[in-house]
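Undergrad: My questions will all concern the structure given below.
The values are calculated or read from the model by the stated rules, or taken from the named source; none is laboratory data. All figures in this text were calculated on a predicted structure; none of them were measured in a lab. Don't worry about glycine lacking a Cβ; one is built from the backbone with ideal geometry, like all the others, and counts go over all protein chains shown. In case anyone asks, the SASA skips ligands and DNA or RNA and just uses the protein heavy atoms, side chains included. Shrake-Rupley method; radii C 1.70, N 1.55, O 1.52, S 1.80 Å.
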Amino acid sequence: MYIPKKVASTKINLNVKEKEALTKEEQVLFEEAREYRDTLFKDDLEIYSYNLLKGELLSSSFSYKLKVPREIKITNTIEHPKAYRSGLYAFGEVGGNQRQFNNISLGLQYNRKGDWFISYRSNFSRLSNVTHHIGVGFRIK
């Protein structure tokens, strides 16, 4: 690379010429300078640098090129928690012991979104002596 011998310090663009492009008249006006180019290649980025030196830095530039991936493969599995709904349920029970099978119960139960419940049950094993039961419970996590 050849640069002009007299370069103003405020001049930004240098008139750089190749050795083959110089005529015999221009060889008196230009002097040799060293040019340094460097490139760094990575999978997703290319970095280019250019420096022109003649004892001191005369010109410098830096640029990059971002390479966008051609294909992106990301698989995310989203697990949704169980959805508990509130509800009123009717239930019945039948039971007994080894000697007799005579226990009959009917009841209602209210579940609050799976967090807690309240229930009412009537036992009709003896029609003359009906018993009533109230229950409260919580969901174990």
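Undergrad: Could you give every pair whose Cβ atoms fall below 8 Å, whose first residue belongs to the stretch 106-135 and is under 17 Å from Leu88 (Cα atoms) and acidic (Asp, Glu), and whose second residue is at pLDDT below 90 and part of a strand (DSSP E or B), counting only separations of at least 6 or pairs across chains?
TA: Correct list of pairs: Asp115/Phe138.
Residues are listed down the side, and each one gets a yes or a no for (1) of a type outside the set (A, V, I, L, M, F, W, C); (2) within 21 Å of the chain's Cα centre (by Cα):
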site: Phe41; (1), (2): no, no
site: Leu52; (1), (2): no, no
site: Leu66; (1), (2): no, yes
site: Lys82; (1), (2): yes, no
site: Arg85; (1), (2): yes, no
site: Glu93; (1), (2): yes, no
site: Gln98; (1), (2): yes, no
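Undergrad: Another one. Residue check, Ser9 against (1) among the hydroxyl-bearing types (Ser, Thr, Tyr); (2) at pLDDT 80 or above; (3) open to solvent by 60 Å² or more (accessible area, probe 1.4 Å), all met but one. Which one?
TA: So Ser9 meets the others, but not (2).
Undergrad: A follow-up question, please. Looking only at the stretch 68-95, which residues are more than 30 Å from Lys141 (Cβ to Cβ), open to solvent by 90 Å² or more (accessible area, probe 1.4 Å) and assigned to a loop (DSSP other than H, G, I, E, B)?
TA: Within the stretch 68-95, Val68, Arg70, Glu71, Ile72, Lys73, Ile74 meet the criteria.
Undergrad: Select from the stretch 107-129 the residues that are surrounded by 13 or more Cβ atoms within 10 Å (Cβ to Cβ), within 57 Å of the chain's Cα centre (by Cα) and part of a loop (DSSP other than H, G, I, E, B) and list them in ascending order.
TA: Residue satisfying the conditions is Gly114 alone.
Undergrad: If the Cβ limit is 7 Å and pairs must be 6+ apart or interchain, which residue in the stretch 54-73 that is of a type in the set (S, T, N, Q) pairs with which residue that is part of a loop (DSSP other than H, G, I, E, B)?
TA: Ser59/Leu14
Undergrad: Sticking with this structure for a sec: Could you please find all residues in the stretch 49-67 being open to solvent by less than 60 Å² (accessible area, probe 1.4 Å) and assigned to a loop (DSSP other than H, G, I, E, B)?
TA: Within the stretch 49-67, no residue meets the criteria.
Undergrad: Another question about this same structure. Open to solvent by 60 Å² or more (accessible area, probe 1.4 Å) and closer than 30 Å to Arg139 by Cβ, is that true of Lys42?
TA: Taking the combined requirement at face value, the residue does not satisfy it.
Undergrad: Criterion first (open to solvent by 60 Å² or more (accessible area, probe 1.4 Å) and either without any contact (Cβ under 8 Å) to a residue 60 or more places away in the chain or among the β-branched types (Val, Ile, Thr) (or both)) does Gln98 satisfy it?
TA: Yes, satisfied.
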